[in-house]
Structures are given as C-alpha cells and as structure tokens.
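K.L.:
Next up is a structure, given as structure tokens.
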Amino acid sequence: MTGSEGAEIRYTTDGSEPSVQSVLYSKPLTVDKTTILRAVEVKGGKISSVISTVSYIFTHSVISQTDSPEGYPDTWGKYTQFNGTAKADYGMDQEMTHDVSLRSRIEAGLKDLPILSIVTDKDNLFSHENDEVRGGIYIFTGPPVGDDTGHGWTRAASAELFGGPQYHDLSTTCGLRLHGGHGRLAEKNPKHSLRLVFKDIYGPKTLKYPIFGEGEPDQFNQLVLRCHFGNSWQHWSEGNRQKAQYTRDVWARRMQKKLGRTSVNALYVHLFLNGMYWGLYNIAERVDDLYGKDHLGGGKSDIDVVKIEEDGGNHIEASEGSLDAWNQLVAAAPRSSSAKGYEAMKKLLDIDAFIDYMLINQYAGNTDWAHHNWYAIN
C-alpha cells in the first residue's frame with residue numbers, strides 16, 4: 001500500500017537500490033528465508049519516496065549459507081606484499097554446521113546478540129573496477145603499506161540494528177567504508193573492519209540513537225565495526241589463530257570504565273552484509289571531536305585527538321584539533337629522574353589515569369601496542 005494516490009511500489013531483493021524499472025509489487029510476498037527487501041514509491045515515472053529497507057534473517061538460511069552466492073565474485077582483493085589474490089569466503093563452515101550438537105548451539109547463539117544488517121549494492125563492496133566512485137571497497141582496501149588504492153572510499157548503505165537483550169530497533173542510512181591498518185591487507189585478514197559514517201549526503205548528519213544504553217552518549221558522527229584481527233581464528237599468523245579470543249578488546253575498554261576512566265563503549269553484534277552472515281563484530285565509538293565533547297565536556301572545537309598514523313609510515317598526527325598540547329606535553333616530559341620535569345608534566349597529564357591505562361594493557365598482555373595502536377585525547 002502506497003502513501004499517495006496513484007503511486008506504485010517497486011522493489012529489489014538483492015541489496016541494490018530500487019528504481020523505476022525494478023520489480024512492481026502486485027501481490028503479497030512470501031518470506032520464508034533470509035531476504036533483503038528494499039522498496040520505493042514511484043509516481044509519474046519518478047521515484048517519490050526515500051528507500052525503505054527491511055532485513056529478514058532466518059537462522060536456517062544462515063546455517064546453510066553457500067560459499068558461492070549468486071552474482072558475487074569468487075576472488076576479493078589482490079595481495080599487496082606478495083603475488084596473488086584473496087579467495088572469497090562467504091560460506092559457513094560445514095564441519096561445524098553439519099554437527100548435530102553444534103548446529104543447535106549456533107542457531108541459539110545467533111539469537112543471543114543484536115543483529116546489525118548492512119545493505120548496499122553488491123558492486124559497492126565487490127566491484128573489481130579500479131575506480132574511486134564505482135570500485136568495490138572490499139576489493140580495493142587501501143592498506144597502510146603497498147598500494148593504498150581505495151583508502152577512504154565511502155559508499156551509500158542502509159543499516160539496521162535489531163534484536164538482542166536490549167531489543168534494539170534502529171533503521172538508518174549512512175556511508176560505509178573500511179577501517180583499520182594492517183587488517184586491511186587481503187593476505188593478512190579476509191574479513192575487514194568497517195566504519196559507518198553519518199553525513200547528510202547519505203542520510204542523517206548525526207545518528208541519534210542510544211546504541212550503548214541509557215546514560216551513555218546517544219549521538220554519533222561515526223561508528224567503528226571491529227572484526228577482531230589480532231588473536232582471531234582468521235588471522236594470517238598461526239600463533240594468533242591458536243590464541244583466538246574475542247573478549248580482550250571489549251574487556252579492556254570496560255575495565256577502564258570500571259576504574260572510572262574515559263573509555264570507548266562497545267556492543268557485540270552479529271554482522272550481516274546483504275543478508276550474508278559476516279561474523280561476530282563489535283560496534284565501538286569512534287574517537288573524534290563529538291566523542292570528546294560528549295565524554296569530556298566543552299565544545300567540539302576544544303578537542304584534540306592524537307594518534308599514530310600508519311599510512312605512509314608510522315608518524316604522529318592530530319585527527320582532530322592540533323598537536324600543540326601534545327608537543328607541549330612531550331617537551332615537558334623529564335629526560336631523567338628530574339623532580340622539576342615530573343612536576344611540569346603532571347600539570348599536563350593525568351598521571352593516575354595514565355597508570356591505570358598502562359596496567360590494563362600490561363595485565364592483558366597487549367603486545368601489538370605502544371609503538372602504534374594508541375590514541376590520546378585532550
């Protein structure tokens with residue numbers, strides 16, 4: 001049923017944006033398997049509404065997810081540090097899903113966490129055309145070493161967050177891009193972290209929704225979808241795979257909050273891309289000027305965010321604000337056991353908070369850190 005007289009509904013079920021040439025809705029649809037439904041109103045030969053997207057996820061479809069979905073490529077991005085191209089990986093592990101005892105646990109586990117469904121035209125993800133507008137962001141990943149083609153490419157998408165213990169019910173539009181450093185390398189990790197970007201060219205300029213519950217910030221310019229790179233089963237290093245775990249990152253963030261320190265909120269979700277199960281991810285706040293304003297107070301223009309930038313070699317940069325305060329802190333840091341230098345640095349650094357931060361990382365055995373993978377906020 002349309003919202004205006006004389007309009008008709010056109011729809012797609014493959015994740016693509018519906019157009020005036022898409023299938024005409026003329027009778028009720030039967031949905032008995034995972035289905036991505038996108039629809040628009042068409043009137044007078046023109047689209048007269050925004051796109052509505054609804055994801056229907058069925059556990060029996062997830063369990064039987066094929067490794068050769070129709071219309072998707074069988075290879076992904078090229079390797080950067082040696083010759084070759086990554087083989088695509090879409091299917092569920094049949095060794096697990098065909099095990100009767102495990103199958104019921106997998107189905108139950110799929111219902112224990114919220115579902116985050118990202119929907120976009122499949123070429124936005126997997127087109128092999130090397131073009132900054134039409135190229136697939138999962139093919140041209142923009143790693144920090146070698147060929148960085150694709151770095152920063154962003155594609156229009158819809159996002160739905162639903163289910164879980166908090167009964168989430170969010171539907172929005174956004175920009176979608178890849179996130180991270182060496183996890184972008186096709187030879188190191190077949191599954192990549194992603195980022196949701198909220199700008200008016202994609203929909204709302206700022207997402208306003210309490211993703212992390214009451215009492216926490218409820219507006220975001222960006223959100224990070226962390227796929228778990230280090231200590232994960234899909235990691236390129238056997239040592240990392242043997243230590244696979246998916247709790248350390250969120251544990252460290254939550255421990256820092258328990259100590260009364262500023263930290264990033266995170267939420268475990270099951271991620272789906274165009275209806276395909278993509279694995280266990282966690283949604284995390286992106287540390288930017290809005291994050292600083294909401295957690296520390298003041299205005300966005302008062303915030304400096306300093307981090308190690310791996311693109312083009314490790315160097316310190318300010319992703320928000322400037323390096324002025326950081327440089328002042330570094331200059332004040334004592335080069336010896338000078339009490340005078342220490343007192344000067346105490347005026348610029350929260351020493352107790354820094355001690356807690358160091359203890360958490362050292363207790364957790366964080367070995368991929370200190371030389372990179374950190375940020376500071378002022």
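The values are calculated or read from the model by the stated rules, or taken from the named source; none is laboratory data. Note that the coordinates shown come from a computational prediction; the quantities given were computed from them, not determined experimentally. Cβ placement follows ideal geometry from the backbone for every residue including glycine, while neighbour counts extend to all protein chains displayed. Calculation scope for accessible area: heavy atoms of the full protein, side chains included, ligands and nucleic acids excluded. Shrake-Rupley method; radii C 1.70, N 1.55, O 1.52, S 1.80 Å.
K.L.:
How about region 114-148: which of its residues are within 17 Å of GLY183 (Cβ to Cβ), surrounded by fewer than 21 Cβ atoms within 10 Å (Cβ to Cβ) and out of contact with any Asp or Glu (no Cβ under 6 Å at 6 or more places or on another chain)?
P.N.:
VAL145, GLY146, ASP147, ASP148
K.L.:
Here is a further query. Filter region 1-21 down to the residues that are farther than 20 Å from SER117 by Cβ and modelled with pLDDT of 95 or more, then identify the one that is most open to solvent (accessible area, probe 1.4 Å).
P.N.:
Only one residue fits best here, namely GLN21.
K.L.:
Continuing with the same structure: Just to confirm my filter: which strands (runs of 3 or more DSSP E) fall fully inside region 43-135 and include at least 1 residues that are modelled with pLDDT under 95?
P.N.:
The strands (runs of 3 or more DSSP E) meeting that bar are 75-78, 85-87.
K.L.:
I'd like to know if region 368-378 contains one or more residues that are assigned to a loop (DSSP other than H, G, I, E, B) and free of Cβ contacts under 8 Å to residues at least 24 places away in the same chain.
P.N.:
yes
K.L.:
On to the next question. Kindly indicate the residue of region 206-244 that is of a type outside the set (Asp, Glu), farther than 19 Å from ARG286 by Cα and open to solvent by 70 Å² or more (accessible area, probe 1.4 Å) and also modelled with the highest pLDDT among those meeting that condition.
P.N.:
Residue satisfying both the conditions and the ranking: GLN242.
K.L.:
When the residues of region 153-166 are narrowed to those that are assigned to a strand (DSSP E or B) and either closer than 16 Å to ASN282 by Cα or at pLDDT below 95 (or both), which ends up nearest to the chain's Cα centre (by Cα)?
P.N.:
Only one residue fits best here, namely ALA159.
K.L.:
Additional query: Suppose the filter is under 21 Å from THR53 (Cβ atoms), touching a Gly at 6+ places or on another chain (Cβ under 7 Å), open to solvent by 40 Å² or more (accessible area, probe 1.4 Å) and in contact (Cβ under 8 Å) with a residue 60 or more places away in the chain; does LYS199 pass it?
P.N.:
When the stated conditions are applied, LYS199 does not pass them.
K.L.:
Right, next: Quick one: which of THR80, THR35 is within 25 Å of the chain's Cα centre (by Cα), open to solvent by 30 Å² or more (accessible area, probe 1.4 Å) and of a type in the set (S, T, N, Q)?
P.N.:
Only one candidate qualifies: THR80.
K.L.:
Next question. Across region 38-48, what is the number of residues that are surrounded by fewer than 13 Cβ atoms within 10 Å (Cβ to Cβ) and either closer than 23 Å to THR172 by Cβ or β-branched (Val, Ile, Thr) (or both)?
P.N.:
0
K.L.:
Could you tell me which of the residues LEU296, LEU290, LEU359 is closer than 23 Å to PHE212 by Cα and open to solvent by 80 Å² or more (accessible area, probe 1.4 Å)?
P.N.:
LEU296
K.L.:
Hey, ILE51 hits all of (1) closer than 14 Å to ASN274 by Cα; (2) open to solvent by 50 Å² or more (accessible area, probe 1.4 Å); (3) touching a residue at least 40 places away in the same chain (Cβ under 8 Å); (4) not basic (Lys, Arg) but one; which does it fall short on?
P.N.:
Of everything listed in (1) closer than 14 Å to ASN274 by Cα; (2) open to solvent by 50 Å² or more (accessible area, probe 1.4 Å); (3) touching a residue at least 40 places away in the same chain (Cβ under 8 Å); (4) not basic (Lys, Arg), ILE51 misses just condition (1).
K.L.:
Taking only pairs six or more apart or across chains, which ones have beta-carbon atoms under 7 Å, a first residue in region 275-304 that is at positive phi and touching a residue at least 24 places away in the same chain (Cβ under 8 Å), and a second residue that is of a type outside the set (S, T, N, Q) and crowded, with 17+ Cβ neighbours inside 10 Å?
P.N.:
GLY275/ILE36; GLY279/LYS191; GLY279/CYS227; GLY279/LEU271
K.L.:
For the structure I just gave you, tell me whether ASP169 is farther than 24 Å from ASP200 by Cβ and among the acidic types (Asp, Glu). Show your work before the answer.
P.N.:
Numbers: farther than 24 Å from ASP200 by Cβ: no; among the acidic types (Asp, Glu): yes.
No; evaluated as a whole, the condition is false for this residue.
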